[in-house]
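One structure below.
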Amino acid sequence: MKNFKRAGRKLPYFKDNVALSKCPIHNKKNVLKAGIVWAIAFVIICCVLFSSLAISGTVAQTQSSTVLVGVVRSAADGQAIEGVTIQSLPSGRFVITDKNGKFSITRQSDKFLKISYLGFVTKQIAMESVAMNPAIMLETDIGNLDEVIAIGYGTTTKRLNTGSSGRITSQEIGSQPIVNVMEALSGRIPGVYVKMENGLPGGAISIAVRGRSSIQAGTDPLYIIDGVPMDSSPLNAGNADFQNLNGLISPLNSLSPNDIESIEVLKDADATAIYGSRGANGVILITTKSGKDGVSKLDFAVRTGISAVSLMPEVVDFDTYKTLRYEAYANDKVEPNETTAPDLLLWEQDNPRDWGDWLMGRKAPSIQYNASLIEKSDHARFRLSLSRLAESTVISAEQKYEKNGATLNYELNPKDSKVQLNVVGTYSKDKNNTMKMNSFVGFFSYAHNYPLIDEHGNYNWWLPNNPLSQFDKIARTSNEYLAGSMVLTYRIFPGLQFKNLFGLNRTALSMFSSDPALSNRPSANAEDQSNFGNNTANNTLIEPQIDYAADWGNTTFKAMLGGTWQMSENDGSSVRGVGYSSTLMMESLEAAQRIDYKYNNYSQYKYLSGYARVNLQHLGRYVVNLSYRRDGSSRFGKANRFGDFGALGLAWIFSDEAFLKDNVPLISYGKLRASYGITGNDQIGDYAYLTSYKSNNLYGNRSALIPKNIYNDQFGWETTRKTDIGLELGLFKQRLLMNVGYFHHLSDNQLIAYPLPALSGPFGSYQSNFGGKVRNTGLEAELSGYIVNRDHIKWNSSINMTWLKNKLLSFPGIEKTTYANKYEVGQDLSIVYGYNFLGINTNTGIPEYRDVNKDGVINSPHDRVVITKGSPDSYGGWRNTVEYKNFSFDLFIQFVEKESRVYVFGYLPGRTTVPSSYALKRWRQPGDITDVPLATTTVSTPQYKSVSDMNNSSAAVVNGSFLRGKSLAVQYRFEDAWTRSMGLKQLSLGVSAQNFFTLFDDKKSRRDPETSDWSSRNMPLMKTLALELKVTL
Amino acid sequence: MKYLLYTSLLFGLLSFYSCEKLLNVSQPASMVDANKVFEDNKLIEDALMSIYRTVDINNSFLPYLGLYTDEYSTNSQLVDYQQYLNNALTPETSIGILPVWRSLYSVIYQANALEEGITFDEKRLSTEAIRRQLLGEALFLRAYAYFMLVNLWGDVPLITASDVNASSVSKRASQQLVYDQINKDLASAASYLENNDSGTKIRTGYLAVKSLMARVFLYQQNWKGAKDASGFVIEKMPNLSQGIDAVFQAGYFETILELWKQNGVSQGSVYIPTNVTLSPTFFLRNELLSSFELDDERIGKYFTRNNTGSYFPYKYKQRVSGSIKEYDILFRLPEIYLINAEANFKLNKMEEARLVLNQLRTRCKLSPLAVDISDQHLFEEILQERYRELFGEGGHRFFDLKRLGRIDERLEDVKGNWNPDFAVFPVPMQEIILNKNLDQNIGYY
């Protein structure tokens, strides 16, 4: 009881709360204090529960009666299986089989045993029958229908799931040499579009689940790692000084792919409504490995790989380039001179350089170590994992990415006790040394003889940038990630349990970048400058939950009730030091002559919810799932902070109906499911509703305060109504599985920054809900089956496809907003405007465009039309796994069907940039029919502008579909007998390849169709070849 | 029983989800709740400082206004510059118009919000004196903003409350209504700031209010009011200087109100070429050059030339930050003398008008005008003096030509293709798109 004393104590580090609205502020300190008291009281109650149950546990043990003994074997080969979970029902106590497949469990008042092991059909048998026949045979489960899958705040099985979700497991993740675990999702789950933004290690990845539902608010899915939400917003967003070659830094880089057990993507209302206001964009549940399935062991793996750019941009050779250049001057009727054409007349003509090779031709080695230890006993198990990854880039050896991490999972589950405790702790730190610039790849189109250094030994600045000088621009980031969570479960009585999750995570990013004056062209008048910054994000979560389950004969009833309180804080600052006497001092802030920029930010976000779910199963074939959540978010005004969300999901396992079961043996499993519900989105900035003043610099050496926001306490959640129907079929005794689903998501109450006239003050816009409606519809299909299924050879093939459509259904008053320049009712949200390219005039060689307003001039915006859209039409993946004796083989191919815009300047002939060989199709004389214009290079000529406009026209639109060999892994497992004789449990050797081929329409531009487009020129994805050795002790 | 206890405890815990207070968040230190601002004398004064900061027309607008009238010309081929030079503005013109419209209405919003915040609960501010001073300054700044708006755009929306729902759909008010508001604000400001010498020229004092009053009365042809207000200012201020070297330096005694600049650099950064061999972007028109008499001391001191031979404005002499500070001057004494002279003239007090004007002439080492000068000649001399003394400042030339009804004749004469509709500016396109009640000025589409 002495613990209670702590409740009254003040926690000194909580900031004073500031009230938010116009109303007079009343004792807000007490409010927060009350919250803290609650939180502390809560922890204490947990402790009390914990200690009290140690006693009840002992009591329970003394009640034990007979002991049941059994042995578990595989039905296929009769081998004993080690590590099988034997759960005693309905109490839920469990034991694990030993290496002889044996187990013993006290009977108490329980009646059934549930025997489960991954890859086998879960079996439930009466204790009586075990007592009579202790040998239990497990059938191999081909379809994995009873595989346990994670859903929001609980688990279900594939068979009984009423919602739509997809999952990948450690099997698919572990074989890929990747930095960010999200890369493993590429093409693997229908409805989930993963776009790699950049091929550099640690590069940004964007993920869209079932299309884009919001016009302006964020569209990131909600990430939940072991129950604790993670803020997925990029760590270095909003500060251009720290943007580097990698682009935005995803906090998910911090996770070690090797520690991930599974990733579940929840898509429909039934699965996501339990996450209420944050479920609209889908939910990604990441579960770390806990050592649940397996035995005590020590794994060690080392993987070494080599990476190179998967697609090297293609350009014409030096002689062809020069021919085009001279042709351009002839067309322009201009004589080249040393000022306008030094590439032809001044610079060295021998030894042309291969820029692609110079820039990114390096073969970048990488090395990765993983060690994990699993230790199990009757009442506890624990897993410790250490990992290290070091990878340099194709640009240079100095530019590298490094990550070290450790994860600890601990589960305390004392035999016959009512308490269970799970603890997860993760720490990782990554370091990234790169360059402070946006695009490096673009330099490959520099003239083959562009001199890096001029005759005086200085950087050559004939073009505004110099590739060599970029190496002086340093950008370094280092991110520390710390996460901890504790789940305490207390089984009050069989069927009723209480659990509480307490979790926190923290990312701390520190950034440095320096930009020496000499690395900039002299006309920029740059000074030496260094930027120093840091940003920390802290996230705390308390989540109590009660689960109840009851078996009423033919009907199973499950209910869950829970609550969440979450607080996130962001805190960051940065300064810029300018003017250094030497570039050697540029890493010091003290050595700067002055500070010319200083900034700090702080924001806090709080979130409060209650949620409940009721699930009814009747006869094992009718399932009703009802979920509800009430959410409150501090991002909204007082009047609209709370919102209600919920969903109804239904499933009918029709294959279990007698009429089918007996008459159609072809169908081994069939399920129809449907769901409808409402989810929300709150991805807007914090404090948008406040009437506040912010600092507006100085006036007369006094600080000045300017109004920042307009008071609007009315705006609230964006809502997405999701409808989903699906059919799941298993044929030929589950050898062939089919899964087809259709979804219809309608999003309204759009959160947009509603533009205000300047008349209304210094705002520009205010945050508001708007009646605009966005619809996403799509079809998702999966087909998988065993093409060969023999004892010594198994070949499984699975393919998934998603077709989707996005449409802005309505946007009342769009013409009055600046959104009219970007969106059009009836069109996709990702539309792109441009001139309508009609072709190249066969007489003049000059491109022609449609003059929409017929004023005789081609200009923006009057002559723009919708030329393409950015979102894909369909995407999917095809996976093949073959197991043959000790070999296993895993091939994954990803495909995307979309349009994209190429960088037209990449093939325009005659300019000072080297074009791709598509330029050879140029117009040369009257009568030529082609889509490449004449060569031109002189800005003042009439054709030059018209030719340049091609990049902003439909001429840039190409078929951007691609098919990519995403991953290939071959593994050989050494014979058990041999490995045992070496004193090892297991030994295997593997080879894996990543992004090893890409097929696409590359005749205009051979740039990576995924990472580069019309405007961005990011690094192509890397193709990686890796060798892996795994030892289990 | 134990279970019951636990369960009820847990349900108690769960019930906290309905408690809104758990959602209260702390705010970043750089953001202050509006209510807090109005509870704190220092913070509310900071909010007033922001209004001064927002009145930013000198560098971003006056040079272009010089191109628009008969003051400056340019060789720059930048589309926007050419539009000003050729009096061919469009609603989409990006420089000048929109920033000035935006900054003036931002001044108005901030002044409205300040007025509401102060008057909402009078007891919140500790002293009546502070309340009066802050209100006085805010109302003065609002009057100044409306004065500029009405002279640049004609009829403009009249917004005196911070409610954006109303302001974002407001219609134009007639110029007369706007002027009524200006007069009202100035009268209130005068009563609030009466005999209040702020002790600094970067804040509004009583004399600044009187100066704007004088100017507004002059524009409204209230000659008596203009004479009285300007006379009051002249009486309270020291005599005009002899010597004009430091007229535009910060804190100069002739200055009545100027806007503080952090780097101490005003228009010098716009007009003065970075080196003597570069031709200036803005140079004086011959019409303006030739209006100066040869022995005028202002030659070389108000404008000068470099190696390229073009004369460029040189009132503000600091191109980059240095030990001498220059701020954006809004009101200075010579203008008040000119107002006084013109008002006297209109009141048929020719002799007084002549004597006042002569004080300005002797200040520039020009010979005084003789007693026998004709009335018409005297009036023209007053106007010429305004042209010479105030070029490039505060929109004076443009406004003078308009209020005297001379703009059509003069600009047709100087530029050749003048359209009388262009005496008012186009309303920025963005504003019309966003507010359907706002229409465009005649002549623009």
Run down A:Ser992, A:Ser988 and say which single residue is within 41 Å of the chain's Cα centre (by Cα) and in contact (Cβ under 8 Å) with a residue 60 or more places away in the chain.
A:Ser992
Complete set of residues in the stretch A:479-498 that are surrounded by fewer than 21 Cβ atoms within 10 Å (Cβ to Cβ), in a strand (DSSP E or B), of a type outside the set (A, V, I, L, M, F, W, C) and within 14 Å of chain B (Cβ to nearest Cβ):
A:Thr489, A:Arg491, A:Gln497
Looking at the stretch A:518-534, can you tell me whether even one residue there is over 30 Å from A:Leu452 (Cα atoms), aliphatic (A, V, I, L, M) and outside any loop (DSSP other than H, G, I, E, B)?
no
Restricting attention to the stretch B:20-45, report how many residues are more than 8 Å from chain A (Cβ to nearest Cβ) and closer than 19 Å to B:Ser106 by Cα.
2
I'd like the full set of residues that are over 20 Å from A:Tyr742 (Cα atoms) and of a type outside the set (Gly, Ala, Ser), limited to the stretch A:262-283.
A:Ile263, A:Ile274, A:Tyr275, A:Arg278
Suppose we filter A:Glu780, A:Glu718 for residues that are of a type outside the set (Lys, Arg), buried (at least 24 other Cβ atoms within 10 Å of the Cβ), away from chain B (no Cβ under 14 Å) and under 30 Å from A:Asp656 (Cβ atoms); which single one remains?
A:Glu780
Under 8 Å between Cβ atoms, at least 6 apart or on separate chains: pull out the pairs that start in the stretch B:146-158 with a residue that is within 12 Å of B:Pro426 (Cα to Cα) and away from chain A (no Cβ under 13 Å) and end on any residue that is of a type outside the set (Gly, Ala, Ser) and not in a helix (DSSP H, G or I).
B:Leu152/B:Val424; B:Leu152/B:Phe425; B:Gly154/B:Val424; B:Gly154/B:Asn441; B:Asp155/B:Arg172
Looking only at the stretch B:51-64, which residues are more than 14 Å from chain A (Cβ to nearest Cβ) and over 30 Å from B:Gln82 (Cβ atoms)?
none
Output the number of residues of the stretch A:205-233 satisfying the condition of being in contact (Cβ under 8 Å) with a residue 60 or more places away in the chain and under 25 Å from A:Thr536 (Cα atoms).
16
Within the stretch A:434-483, can you find the residues that are of a type in the set (Lys, Arg) and under 30 Å from A:Leu504 (Cβ atoms)?
A:Arg476
In the stretch B:328-372, which residues are assigned to a loop (DSSP other than H, G, I, E, B) and β-branched (Val, Ile, Thr)?
B:Val371
The number of residues in the stretch B:415-443 that are touching a residue at least 24 places away in the same chain (Cβ under 8 Å) and either at positive phi or surrounded by fewer than 17 Cβ atoms within 10 Å (Cβ to Cβ) (or both) is 8
Give the residues of the stretch A:285-304 that are among the small types (Gly, Ala, Ser), more than 16 Å from A:Ile263 (Cβ to Cβ) and surrounded by fewer than 21 Cβ atoms within 10 Å (Cβ to Cβ), sorted by residue number.
A:Gly294, A:Ser296, A:Ala301
By residue number, the members of the stretch B:191-202 that are surrounded by fewer than 19 Cβ atoms within 10 Å (Cβ to Cβ) and modelled with pLDDT of 90 or more are B:Ser191
Where residues in the stretch B:362-387 are within 21 Å of B:Ser241 (Cβ to Cβ) and over 26 Å from the mean Cα position of the chain (by Cα), which of them is surrounded by the fewest Cβ atoms within 10 Å (Cβ to Cβ)?
B:Ser367
Could you list, in sequence order, the residues of the stretch B:153-177 that are more than 20 Å from B:Ile433 (Cα to Cα) and surrounded by 23 or more Cβ atoms within 10 Å (Cβ to Cβ)?
B:Ser162
Which of the residues belonging to the stretch A:302-329 are of a type in the set (D, E, K, R) and in a loop (DSSP other than H, G, I, E, B)?
A:Glu314, A:Asp317
What do you reckon, is A:Leu698 within 11 Å of chain B (Cβ to nearest Cβ) and aliphatic (A, V, I, L, M)?
yes
Tally, over the stretch A:638-691, of residues that are closer than 30 Å to B:Met31 by Cα and either touching a helix residue (DSSP H, G or I) at 6+ places or on another chain (Cβ under 9 Å) or of a type in the set (Val, Ile, Thr) (or both):
12
Go through the residues of the stretch A:438-447 one by one and say whether even a single one is under 30 Å from A:Asn465 (Cβ atoms) and part of a strand (DSSP E or B).
yes
Among the residues of the stretch A:745-753, is there at least one that is closer than 27 Å to A:Gly649 by Cα, assigned to a loop (DSSP other than H, G, I, E, B) and of a type outside the set (A, V, I, L, M)?
yes
For the stretch A:602-623, what are the residues that are surrounded by fewer than 19 Cβ atoms within 10 Å (Cβ to Cβ) and either farther than 26 Å from A:Ala674 by Cβ or within 8 Å of chain B (Cβ to nearest Cβ) (or both)?
A:Tyr602
So, in the stretch A:216-248, of the ones that are touching a Phe, Trp or Tyr at 6+ places or on another chain (Cβ under 7 Å) and part of a loop (DSSP other than H, G, I, E, B), which residue ends up farthest from A:Phe770 (Cα to Cα)?
A:Leu245
Test A:Thr802 against the criterion of being within 14 Å of chain B (Cβ to nearest Cβ), crowded, with 16+ Cβ neighbours inside 10 Å and of a type in the set (S, T, N, Q), and give yes or no.
no
More than 7 Å from chain A (Cβ to nearest Cβ), crowded, with 21+ Cβ neighbours inside 10 Å and modelled with pLDDT of 60 or more: is that true of B:Leu48 in this structure?
yes
Against the definition (under 14 Å from the mean Cα position of the chain (by Cα), of a type in the set (Gly, Ala, Ser), surrounded by fewer than 21 Cβ atoms within 10 Å (Cβ to Cβ) and outside any strand (DSSP E or B)), how does A:Gly187 come out, yes or no?
no
Filter result (in a strand (DSSP E or B) and at pLDDT 85 or above) within the stretch A:576-594:
A:Arg576, A:Gly577, A:Val578
Residue identified as free of Cβ contacts under 8 Å to residues at least 60 places away in the same chain and touching a Leu at 6+ places or on another chain (Cβ under 8 Å) among A:Gly778, A:Gly826, A:Gly772:
A:Gly826
In the stretch A:530-555, anything touching a residue at least 60 places away in the same chain (Cβ under 8 Å) and under 19 Å from A:Ser581 (Cβ atoms) is listed as A:Ser530, A:Asn531
Just to be sure I understand the filter: pairs with C-beta atoms under 6 Å, separated by 6 or more residues or on different chains, first member in the stretch A:653-675 and in contact (Cβ under 8 Å) with a residue 12 or more places away in the chain, second member part of a strand (DSSP E or B) and hydroxyl-bearing (Ser, Thr, Tyr). Which pairs pass?
A:Ser655/A:Tyr669
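The values are calculated or read from the model by the stated rules, or taken from the named source; none is laboratory data. None of the values given here were measured: they were computed from a predicted structure. Glycine gets a Cβ as well: all are built from the backbone with ideal geometry, and neighbour counts include every protein chain shown.
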